[in-house]
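Trainee: What follows is a structure written as structure tokens; I'll ask about it next.
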Amino acid sequence: MRNTKMMAAVGVSFMMIAATALSGCGFIDTPNDGGGTVQNGGKLHIEGTPQCSSEFTNGLGYSVTVTGILKNDSNKNYSYVSITYTLYDAEGNNIGTALDNMNYLSKGESWRFSASTIGWVDVEPVSYKCSDITAF
């Protein structure tokens with residue numbers, strides 16, 4: 001009897017893990033400044049190619065995270081910085097956004113961002129692009 005309960009518990013755990021899948025989506029090339037708007041003419045840029053991952057949760061949908069590094073190459077200190085990514089489905093439709101923000105990015109510093117969806121999206125994204133960088 002004890003083995004049957006253990007096997008059932010293992011089976012349920014396996015099914016929960018199987019219901020969650022990690023995948024990636026393709027980066028759409030953007031200008032070096034990330035396509036963002038930085039007040040006062042400051043210079044922020046994305047280093048390398050940001051990475052996108054999505055995780056499916058049965059009954060909820062996909063949570064999406066875009067990670068990367070934003071570099072402050074200006075001579076300015078910023079009290080606030082935000083970055084937003086637009087997510088697209090296979091037909092090129094906008095299916096949502098992922099965002100992150102922080103306080104105090106000093107001149108010469110880099111920020112390792114992790115932009116996430118608020119909630120879930122119904123369709124798995126296949127591509128993404130930086131749609132806004134704001135700093136002041």
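The values are calculated or read from the model by the stated rules, or taken from the named source; none is laboratory data. Being a predicted model, the structure only gives us computed values, none of them experimental. Side chains are part of the model used for accessible areas, which takes the heavy atoms of the whole protein and leaves out ligands, DNA and RNA. Shrake-Rupley method; radii C 1.70, N 1.55, O 1.52, S 1.80 Å.
Trainee: So if each residue of separation counts as 0.36 nm, and I subtract the Cα-Cα distance between residue 99 and residue 75, what length gain in nm does that give?
Mentor: Separation in residues times 0.36 nm, less the Cα-Cα distance, equals 6.2 nm.
Trainee: Once ligands and nucleic acids are excluded and a 1.4 Å probe is used, how much of residue 107 is accessible, expressed in Å² to the nearest 10?
Mentor: Number for this one is 110 Å².
Trainee: Related question: So what J values fall out for segment 99-104 if you push phi through Karplus, 6.51 cos²θ - 1.76 cosθ + 1.60 with θ = phi - 60°, rounded to Hz, Gly and Pro as x?
Mentor: Working through the residues one at a time gives 9, 8, 8, 8, 10, 6 Hz.
Trainee: Could you pull the accessible area for residue 121 with a 1.4 Å probe, rounded to 10 Å²?
Mentor: Answer for residue 121: close to 10 Å² accessible.
Trainee: For residue 116 and residue 47 in one chain, what is 0.36 nm times their gap in residues minus the Cα-Cα distance, to one decimal in nm?
Mentor: Working: separation 69, 0.36 × 69 = 24.84 nm, distance 1.85 nm.
So the chain would gain 23.0 nm between residue 116 and residue 47.
Trainee: With a 1.4 Å probe and all protein chains in place, put 49, 67 in order of accessible area, largest first.
Mentor: Ranking 49, 67 by accessible area, largest first, yields 49, 67.
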